[in-house]
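Nothing in this text is a laboratory measurement; each read-out follows from the coordinates by a stated rule. Everything numeric here is computed off the predicted structure, so don't read it as measured data. So basically every Cβ, Gly included, is an ideal-geometry build from the backbone, and we count neighbours across all protein chains shown.
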Amino acid sequence: MSFIENLKNFLAPPVKSGSGNFITLNIMCNRCKENIKVNLRRTSDISRVYGGHDSPSGASFFVRKEILGNKCNNLIYFKGYFDENLNLISSDITGGKIVD
Ligand SMILES: [Zn+2]
């Protein structure tokens, strides 16, 4: 875990699972195959979509996130749209892939 991530975790309040305030993504790094768990916080990482632009239909939230694992320096770029229930409806990822 990077220093910045440690700092963010230290500053952020504890996350209660099932609170509906964050999304967990499991991402695999394309370079070293590391499995990286990413928590997207509703308050900081997730933006509301107000229609228009080029968002897909049904999209309520948008996330853009740069993800760095611990095992290599491959930076993964994630962009995704989520519906009102925070289900992923469309995503674009570079440098890695989403795994279940
Ligand atoms: Zn990696």
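Here is how the numbers come out for the structure above:
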| read-out | value |
| --- | --- |
| Whole-Å distance, taken between Cα centres, linking the stretch 21-49 and the stretch 63-82 | 7 Å |
| Two-site label geometry, residue 66 and residue 84: point separation in nm, points 7 Å out along Cα→Cβ | 3.5 nm |
| Rounded, prolate or oblate (a/c below 1.5 giving rounded, otherwise prolate when a/b exceeds b/c) for the stretch 38-100 by Cα gyration tensor | prolate |
